[in-house]
Amino acid sequence: MKHFTTQDWIDFANEAIAKSKREEMEQHLEEGCARCKETVSLWQKVRQTAKSVAQSQPPEDAVRIAKAGFGAGRLGSKPARVPGLVEVLFDSFLQPLAEGVRSASSGTRQMLYRAEPYQVDLQIEAKPGANKLIITGQLLDLRNPDAPGRNVPVIISNLRGHVVQAVTNEFGEFREEIQSSSDLELKLLGENDKAVIISLRDALGHSLDTVN
């Protein structure tokens, strides 16, 4: 059975593909290819999330927090920027647990970071039937908020010898798999070629820790 590439499915999800090829890909899905269905489903969710964020208005509390954060920088003659500084803006594991839930361990985790000069949106999920994690991310260039962080080298490591390298596509997106570990970190190249390191320790909770 012929399979299409990840880039093909990204174009399919973004409706940026010729009609003839789209029909061919739709036929492929109808034939029951589970692998491609999983891939296109992921990128359709990524696209829908991006559209929802762009169309929705942030909560007033979030706006006040953001203004307060930037306000201090405006007190001086020039806003302060610290290359390499990483700030957690959102972490689904830090949200209040639903009633009756005893642990934050989950099969999926959503995180949002400010890592100058980028805003980094991450999703970490367990790969079914394998001792691996799937890491999906998108970079926004804060120097130009209307542009994605395209062609940015990304390195994911579990600090136990497993290293995965990627480069963000034209939408600032990447998706990679790596051996499950409690010591994950993500590294990308920031301003002036300075490395920005985001620690992802205990990415999905202790239940997924492994010893290799």
Residue that is farthest from VAL154 (Cα to Cα) [pool: residues in segment 123-137 that are free of Cβ contacts under 8 Å to residues at least 24 places away in the same chain and open to solvent by 70 Å² or more (accessible area, probe 1.4 Å)]: GLY129
In segment 153-183, what count of residues is obtained for those that are open to solvent by less than 10 Å² (accessible area, probe 1.4 Å), assigned to a strand (DSSP E or B) and at pLDDT below 90? 0
The residue that is nearest to GLU177 (Cα to Cα), considering only those in segment 3-31 that are open to solvent by less than 40 Å² (accessible area, probe 1.4 Å) and not hydrophobic (A, V, I, L, M, F, W, C), is ASP8
If MET111 passes every condition in (1) open to solvent by less than 50 Å² (accessible area, probe 1.4 Å); (2) part of a loop (DSSP other than H, G, I, E, B); (3) within 24 Å of LEU94 (Cβ to Cβ) but one, which one does it miss? (2)
Checklist (1) more than 19 Å from ASP91 (Cα to Cα); (2) open to solvent by 70 Å² or more (accessible area, probe 1.4 Å) applied to ALA195, failing item: (2)
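The values are calculated or read from the model by the stated rules, or taken from the named source; none is laboratory data. Values in this document were obtained by computation on a predicted structure and should not be read as measured data. So basically every Cβ, Gly included, is an ideal-geometry build from the backbone, and we count neighbours across all protein chains shown. The protein model used for the area step is the full one, side chains on, heavy atoms only, and it has no ligands, DNA or RNA in it. Shrake-Rupley method; radii C 1.70, N 1.55, O 1.52, S 1.80 Å.
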